[in-house]
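Structure first, commentary second.
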Amino acid sequence: MPIASINPATGETVARFDEHDDTEIDARIAAADAAHRTLRTTDFATRRGWMHAAADLLDGDVEQVAELITLEMGKTLAQARGEVRKSANAMRFYADRAEEFLTGTTLPDPSVVGASHAHTTYQPLGVVLAVMPWNYPIWQVIRFAAPALMAGNAGLLKHASNVPQAAIYLDTLFERGGFPTGSFGSLLIPAAKVERVLRDRRVVAATLTGSEPAGRSVAAIAGSEVKHVVLELGGSDPFVVMPSADLDRAVATAVASRTSNNGQACINAKRFIVHADIHDAFVEKFAAAMAALTVGDPRDEKTDVGPLATRSGRDELAELVDDAVAAGATAVVGGATPDGDGWFYPPTVLTGITETMRLYREEAFGPVASVYSVADANEALRVANDTTFGLSSAVWTQDADEEARIVAGLDAGAVFVNGMSISYPELPFGGIKDSGVGRELSAEGIREFCNLKSVWKG
Ligand code: NAP
């Protein structure tokens with residue numbers, strides 16, 4: 001894949017970038033290594049000041065950065081602005097909370113380990129490689145970088161090849177805020193160069209957000225080097241709706257949860273598992289609301305759903321739908337690739353999905369919803385958990401016992417009750433099964449790239 005900005009709304013190549021050669025890669029790793037050695041000796045107050053300054057710069061650049069995001073990956077301008085502001089807020093969150101999260105514990109009775117005093121302390125690991133996706137080109141990077149830098153690590157970003165201008169913007173953001181040169185930098189390299197960087201002895205850990213194959217590849221390399229790795233991979237989140245649910249709110253949330261980010265979020269609801277008593281009413285309202293969405297130019301403030309980010313992504317989504325329809329599924333709305341420029345795909349609602357269809361097992365990365373009818377809570381849980389993924393999930397019910405059972409029974413990293421799965425700096429984020437390992441955000445996220453050191457004193 002070339003390192004290039006290609007406008008998904010038109011298919012036009014806007015800018016191409018040369019990849020970094022080996023000399024440049026080495027220089028950037030060396031700069032990160034040197035910056036980490038400086039950073040680890042700075043105190044939290046100093047880092048807090050730099051992080052706040054960088055957050056203010058990002059907020060100040062909101063229009064410019066939102067335009068860039070929309071240009072490179074096609075989300076609506078309104079959502080792009082929201083992404084930038086959310087990122088700046090997460091930077092402030094970690095600026096203000098890092099010290100608290102990284103305060104170790106003191107053993108109340110050190111005599112049990114034969115010591116006069118014993119405590120734990122969190123220390124930075126060093127240079128961490130971040131392999132990141134295009135779908136939230138700023139947010140995905142910031143939610144790694146803000147905690148990593150506040151902990152005293154340095155970060156090296158290998159961004160997705162289709163968002164190079166986002167990578168270039170992020171390359172200087174932290175330095176502009178005051179962080180030492182090299183604390184955070186972008187490598188303009190293709191995926192094939194990740195192994196070379198990860199095997200470098202100065203790079204001590206990695207995080208990857210992206211697809212399952214990419215995650216397996218990076219984890220295998222990290223494993224062979226005995227380097228810590230965090231993986232945030234795909235999801236096919238269930239959205240369970242039971243008869244006691246507030247149907248109109250559930251439908252409105254289902255639409256937002258399936259189509260936000262043009263349907264290309266790991267935690268978009270993708271499988272709608274609806275009790276048979278309300279299935280037909282749900283499908284009718286859901287299909288009508290999906291059909292009413294405005295698809296088009298993501299720069300137009302009236303647009304709800306823009307294009308998919310890449311031609312291959314659009315074509316893979318269309319193949320999944322075509323496979324299901326050919327095998328007997330019904331497209332209640334949508335289901336056909338439109339003619340014309342740009343990589344658009346209409347909001348689509350499918351019923352009649354069976355276990356043999358690819359869509360039953362694979363992640364639909366675009367505005368395509370599969371609706372399943374189930375007889376009761378047991379069947380809802382069976383269908384919800386019959387997936388290799390386990391990222392987030394949602395359940396809609398007003399029945400407290402049913403809620404408790406379903407919350408406990410869902411195999412996922414999060415459950416949202418009567419609401420939409422969203423990431424918050426305050427809540428741990430991550431998955432189980434093929435959705436990944438480790439956690440981002442909250443206290444857990446900043447501790448992932450720290451050495452938890454035990455200190456024993458005689
Ligand atoms: P992708 O192809 O895996 O790309 C993600 C990043 O990994 C890019 O920087 C890519 O570089 C790199 N990459 C790809 N193959 C690699 C390999 N073999 N070794 C090393 N690096 C490699 O993912 P995508 O299709 O762009 O993104 C969509 C997927 O990401 C979906 O499955 C989605 O659910 C998941 N996702 C998960 C989360 C989460 O938090 N769990 C968040 C967002 C997205 P190139 O661009 O140069 O190929």
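Sort out which residues of the stretch 404-427 are open to solvent by less than 60 Å² (accessible area, probe 1.4 Å) and within 13 Å of the ligand (Cβ to nearest atom), and write them in order of number.
Across the stretch 404-427, the qualifying residues are A412, G413, A414, S421, S423.
Can we say R47 is farther than 18 Å from D171 by Cα, among the basic types (K, R) and away from the ligand (no atom under 16 Å from the Cβ)?
no
Report yes if some residue within the stretch 126-135 is open to solvent by 10 Å² or more (accessible area, probe 1.4 Å) and either β-branched (V, I, T) or modelled with pLDDT under 95 (or both); otherwise report no.
Yes, the stretch 126-135 contains at least one residue that is open to solvent by 10 Å² or more (accessible area, probe 1.4 Å) and either β-branched (V, I, T) or modelled with pLDDT under 95 (or both).
Is it true that some residue in the stretch 283-301 is within 16 Å of T259 (Cβ to Cβ), within 16 Å of the ligand (Cβ to nearest atom), of a type outside the set (V, I, T) and in contact (Cβ under 8 Å) with a residue 40 or more places away in the chain?
no
When you go through (1) within 22 Å of the chain's Cα centre (by Cα); (2) surrounded by 16 or more Cβ atoms within 10 Å (Cβ to Cβ); (3) touching a residue at least 60 places away in the same chain (Cβ under 8 Å) one by one for S183, which number turns out not to apply?
Result: S183 passes all but (1).
Here is a check on your reading of the model: is L107 surrounded by fewer than 23 Cβ atoms within 10 Å (Cβ to Cβ) and outside the structural domain of A265 (by TED's automatic domain parsing)?
Considered against the rule, which asks whether it is surrounded by fewer than 23 Cβ atoms within 10 Å (Cβ to Cβ) and outside the structural domain of A265 (by TED's automatic domain parsing), L107 comes out as yes.
Looking only at the stretch 219-245, how many residues end up being among the small types (G, A, S), in a helix (DSSP H, G or I) and buried (at least 16 other Cβ atoms within 10 Å of the Cβ)?
2
Please enumerate the residues belonging to the stretch 340-381 that are within 16 Å of the ligand (Cβ to nearest atom), in contact with a Leu (Cβ under 6 Å, 6 or more places away or on another chain) and under 17 Å from D280 (Cα atoms).
Listed by number, the list holds a single entry, S370.
Pairs please, first residue from the stretch 79-107 and of a type in the set (F, W, Y), second anywhere and open to solvent by less than 60 Å² (accessible area, probe 1.4 Å), Cβ atoms under 6 Å, 6+ apart in sequence or on different chains.
As it stands, the answer is F93/P425; Y94/A146; Y94/P147; Y94/M150; F101/A443; F101/I446, since those pairs meet every condition given.
What number of residues in the stretch 208-229 are more than 10 Å from the ligand (Cβ to nearest atom) and of a type in the set (V, I, T)?
Of the residues in that region, 2 qualify.
The values are calculated or read from the model by the stated rules, or taken from the named source; none is laboratory data. None of the values given here were measured: they were computed from a predicted structure. Every residue, glycine among them, receives a Cβ derived from its backbone with ideal geometry; neighbour counts consider all protein chains shown. Just so you know, the surface numbers come from the protein's heavy atoms only, side chains and all, with ligands and any DNA or RNA stripped out. Shrake-Rupley method; radii C 1.70, N 1.55, O 1.52, S 1.80 Å.
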